[in-house]
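Just below is one structure, and these are the notes that go with it.
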Amino acid sequence: MKTLFLALSIVSLLVADAYASEAKHEASHEVHWNYDAHGPAHWGEFGETCQAGKAQSPINIITKETRGIDQTDILTLRESVKTKASIADNGHAIQVNIDNGGKVNVDGVDYTLVQFHFHGLSEEQINGKHSDLVAHMVHKSAFGSLLVIAVLFDEGKTSHPMVQTVIGNVGKTVEINPATLLPKDIEHYYHFMGSLTTPPCSENVKWYVLKEVQSVSKEQVTALRKFYDHNYRPVQPLNTRVVESK
Ligand SMILES: [Zn+2]
């Protein structure tokens, strides 16, 4: 019995070791996407849709080419909740992971806030112009479909309290109200169908870009760009899509 047990132990040790060395082998050869040598032009290697997709994000929104919002695309926000949030550097952006987010609703479907993160220039352009920063608030429905709200910031006279909370607490867990990231005017926005802006660039993501641009201080822009200053994907062709405006 003892011999059998010993034999089994040795076998399981060998198996465990084989797994460990396989994992190590994979890790040492794995190439990760980034914004430099493995940047957006190479993302087709990390996600086929990044290259083949026809409804990719971000886009340049040409305001005079937008049309009125469809009733079924109207966004209702109920983001105001108190929740724990862990603020982390995810390797591509500073990301705030939300424990128990509020909801937004489109056409009877609820989407829950799961995280928001920052890009060091806004990915989206309005009439060919970037904003200084953007926060993407990523929401998920019970069926797994995604909805992103883009909150734009330009360097201005006043600092932004929520941006300050994020900058001051990277690596920590804090209690926040995600609604305090939003501008006063949440009634006016652009809407289009798009994709994740990072590999695998999955499509069928509902995008809402709020029109009101908030102020952040120069110090805040500098502080966020110390982490990532060029983590934005270039704008993608609109193809047959039409942007709606409310
Ligand atoms: Zn993003």
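The values are calculated or read from the model by the stated rules, or taken from the named source; none is laboratory data. As the structure is a prediction and not an experimental result, all values here were calculated from the model. Heads up, the Cβs are rebuilt from the backbone with ideal geometry, glycines too, and the neighbour counts pull from every protein chain shown.
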Return only the number of the condition from (1) hydroxyl-bearing (Ser, Thr, Tyr); (2) touching a residue at least 12 places away in the same chain (Cβ under 8 Å); (3) closer than 23 Å to ASP89 by Cα that SER245 does not satisfy. (3)
Going by what's in this entry, would ARG225 be described as over 20 Å from VAL114 (Cβ atoms), within 16 Å of the ligand (Cβ to nearest atom) and either surrounded by fewer than 18 Cβ atoms within 10 Å (Cβ to Cβ) or at pLDDT below 95 (or both)? yes
Positions within the range 139-182 being of a type in the set (Ser, Thr, Tyr) and over 15 Å from the mean Cα position of the chain (by Cα), in sequence order: SER141, THR158, SER159, THR165, THR173, THR180
Matching residues, the range 196-220, being at positive phi and away from the ligand (no atom under 14 Å from the Cβ): ASN204
Answer yes or no as to whether GLY108 is on the phi > 0 side of the Ramachandran plot, away from the ligand (no atom under 16 Å from the Cβ), surrounded by fewer than 22 Cβ atoms within 10 Å (Cβ to Cβ) and not charged (D, E, K, R). yes
Per the filter on the range 45-79, residues among the hydrophobic types (A, V, I, L, M, F, W, C) and surrounded by 13 or more Cβ atoms within 10 Å (Cβ to Cβ) are PHE46, CYS50, ALA55, ILE59, ILE61, ILE62, ILE69, ILE74, LEU75, LEU77
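Please indicate, with yes or no, whether at least one residue in the range 19-31 is part of a loop (DSSP other than H, G, I, E, B), at pLDDT below 95, surrounded by 10 or more Cβ atoms within 10 Å (Cβ to Cβ) and within 30 Å of the chain's Cα centre (by Cα).
Pass one, the range 19-31, residues part of a loop (DSSP other than H, G, I, E, B): 30-31.
If we keep only those that are at pLDDT below 95 too, we end up with 30-31.
With surrounded by 10 or more Cβ atoms within 10 Å (Cβ to Cβ) added as a condition, the list becomes 31.
This time we only want the ones that are within 30 Å of the chain's Cα centre (by Cα), so: 31.
Yes; the residues of the range 19-31 include at least one that is part of a loop (DSSP other than H, G, I, E, B), at pLDDT below 95, surrounded by 10 or more Cβ atoms within 10 Å (Cβ to Cβ) and within 30 Å of the chain's Cα centre (by Cα).
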Can you find even one residue in the range 151-170 that is in contact with a strand residue (DSSP E or B) (Cβ under 9 Å, 6 or more places away or on another chain), free of Cβ contacts under 8 Å to residues at least 60 places away in the same chain and within 14 Å of the ligand (Cβ to nearest atom)? no
Look at the range 192-222 and say how many of its residues are part of a strand (DSSP E or B) and either of a type in the set (A, V, I, L, M) or buried (at least 21 other Cβ atoms within 10 Å of the Cβ) (or both). 12
Restricting to the range 117-147, give me the number of residues that are within 16 Å of ILE61 (Cα to Cα) and within 11 Å of the ligand (Cβ to nearest atom). 4
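Quick one: which strands (runs of 3 or more DSSP E) sit completely within the range 40-144 and have at least 2 residues that are in contact (Cβ under 8 Å) with a residue 12 or more places away in the chain and within 25 Å of GLU244 (Cβ to Cβ)?
Values: elements: 75-78, 83-89, 94-98, 103-106, 109-119, 133-141.
Per the criteria, 75-78, 103-106, 109-119, 133-141.
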Out of everything in the range 173-186 that is in contact with a strand residue (DSSP E or B) (Cβ under 6 Å, 6 or more places away or on another chain) and part of a loop (DSSP other than H, G, I, E, B), what residue ends up being surrounded by the fewest Cβ atoms within 10 Å (Cβ to Cβ)? PRO183
